[in-house]
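Below you'll find the structure, written out as structure tokens, and then a few comments.
The values are calculated or read from the model by the stated rules, or taken from the named source; none is laboratory data. Remember, it's a predicted structure, so these values are computed and weren't measured experimentally. For neighbour counting, all protein chains shown are included, and Cβ atoms are generated from backbone atoms with ideal geometry for every residue, glycine included.
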Number of protein chains: 2
Amino acid sequence: MNQLTENIARIVRLEDHELKALNSVITSREVDKKEFLLRPGQVCKATIFVVKGCLRSYYLKDGEYQILEFAVDNWWIGDLKSFLRQTPSELFVDALEPTQVLRIKYSKLELLYEEIPKLERFFRILMENALVAHQERIMHTHTLSARQRYEMFTAKYPNFYHSIPQKDIANYLGITPEYLSTIRNPNSH
Amino acid sequence: MNQLTENIARIVRLEDHELKALNSVITSREVDKKEFLLRPGQVCKATIFVVKGCLRSYYLKDGEYQILEFAVDNWWIGDLKSFLRQTPSELFVDALEPTQVLRIKYSKLELLYEEIPKLERFFRILMENALVAHQERIMHTHTLSARQRYEMFTAKYPNFYHSIPQKDIANYLGITPEYLSTIRNPNSH
DNA sequence: CGAAAATTTGACATGACTCAACTGGAGTGG
DNA sequence: CCACTCCAGTTGAGTCATGTCAAATTTTCG
């Protein structure tokens, strides 16, 4: 058992042989700070599960980088589009701090779905929850001010937001680091 | 066979008895323009598939409405969070024009997943694709100007954007109708 | 310790918003 | 089918939230 299978077991009940099959396709890896797990042009061959640490995904547009998401303990990351279609990625994925990850290769996962139909359920539910979170994020960007979004962020990642550079939080929220700095300043309240 | 089962059959292969079971839980309905299929406080008891027409979902925040999404031919809509957890919704869903929909009740779908494991796969894939689309939408709001987002919108819904009120397009894009009007004006180019 | 990066601060610029007035077309009732 | 209303859309003036640029300060880390 590891943190990934425990997460799955919380949603769907797996038999011993299924657990074994699942574990046989999971690979573990330590990622150094600033090390890349994916770069544009590469196909995202594995889906990444963060055991402990913090990864981010971002892309370049007109020479500027834009962060799409962070992944902290017990969450997944990668370039979903590239992973699903096995096409070249447009995203970077790198580590903001030393991070332990588990990975499942696309080719193995495809086979595993046949062997363990309950995995389809697990990932269906995982995707559903991720979709709800993304819908809420879209609502927040439309309805909340920059300051409110920052407050939501710190509330959502209470254990992480101080270890993520402020300029990255600003970037993720869609504002400039200078502006984040001013709204964080107490006498702007 | 109907448009919904055809859509599913395009992704997963269903046996005759599975098709039959699926069809037995699908109900059809015509929705008038401006008619509601969901209101805040109600539990979203069914997932909605648009056969032909156009629905929108939106919510109220500080007395203002904010559109979350549109659903046109062959797409799904509802309040996903409310549907999945069977909790009170925060969204309205109504019709922008006379629309034909098919619906599957939550209680029936839960049973159907047991009976037809391939449905899990279908919805997994559906959710994955929706998630990719939402990620791209988030990227666009961060990286593109209001005008570019409007151009993306018209490109994405070439057959629908002229039948959606401009103020609703503006609202969906997160800009004011006045501003959309000015950026549409040729001499602002 | 020292260099490089992150954050802060401030002056100024601008994309997008607000409000209000005007125009035109769609829907409705007579 | 006309007349009336009433939204939707446009236009413009003034404003505000947030961006840009640049310099000062603090933090990080080799």
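Points worth noting:
- Considering the stretch A:98-137, the residues that are touching a residue at least 40 places away in the same chain (Cβ under 8 Å) and more than 29 Å from residue A:36 (Cβ to Cβ) include one that is surrounded by the fewest Cβ atoms within 10 Å (Cβ to Cβ), namely A:115.
For (1) surrounded by fewer than 16 Cβ atoms within 10 Å (Cβ to Cβ); (2) modelled with pLDDT under 95, each residue gets a yes or a no:
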residue: A:28; (1), (2): yes, no
residue: A:39; (1), (2): yes, no
residue: A:44; (1), (2): no, no
residue: A:48; (1), (2): no, no
residue: A:56; (1), (2): no, no
residue: A:65; (1), (2): yes, yes
residue: A:69; (1), (2): no, no
residue: A:82; (1), (2): no, no
residue: A:88; (1), (2): yes, no
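- Here the helices (runs of 4 or more DSSP H) wholly within the stretch A:128-189 that include at least 2 residues being touching a strand residue (DSSP E or B) at 6+ places or on another chain (Cβ under 7 Å) and either within 21 Å of residue A:96 (Cα to Cα) or away from DNA strand C (no atom under 15 Å from the Cβ) (or both) are A:166-173.
- Any hit, the stretch A:97-104, residues being modelled with pLDDT under 95 and under 18 Å from residue A:68 (Cα atoms): yes
- Entry remark, the stretch A:109-129: residues being more than 9 Å from chain B (Cβ to nearest Cβ) and closer than 18 Å to residue A:85 by Cβ number 3 in total.
- The one condition in (1) touching a residue at least 24 places away in the same chain (Cβ under 8 Å); (2) within 25 Å of residue B:174 (Cα to Cα) that residue B:18 fails to fulfil: (2)
- Boolean, residue A:173 is within 14 Å of chain B (Cβ to nearest Cβ), modelled with pLDDT of 95 or more and over 30 Å from residue B:113 (Cα atoms): yes
- The set of residues from the stretch B:154-177 being charged (D, E, K, R) and surrounded by 15 or more Cβ atoms within 10 Å (Cβ to Cβ) comprises just one member, B:168.
- Members of the stretch A:138-147 that are within 9 Å of DNA strand D (Cβ to nearest atom) and surrounded by 13 or more Cβ atoms within 10 Å (Cβ to Cβ): A:144, A:146, A:147
- Residues (among the β-branched types (Val, Ile, Thr) and within 10 Å of chain B (Cβ to nearest Cβ)) located in the stretch A:43-75: A:67
- Of the residues screened, residue A:121 is not one that is more than 15 Å from the chain's Cα centre (by Cα), part of a helix (DSSP H, G or I), at pLDDT 95 or above and under 20 Å from residue B:135 (Cα atoms).
- Qualifying residue in the stretch B:64-79 (condition: farther than 24 Å from residue A:124 by Cα and free of Cβ contacts under 8 Å to residues at least 12 places away in the same chain): yes
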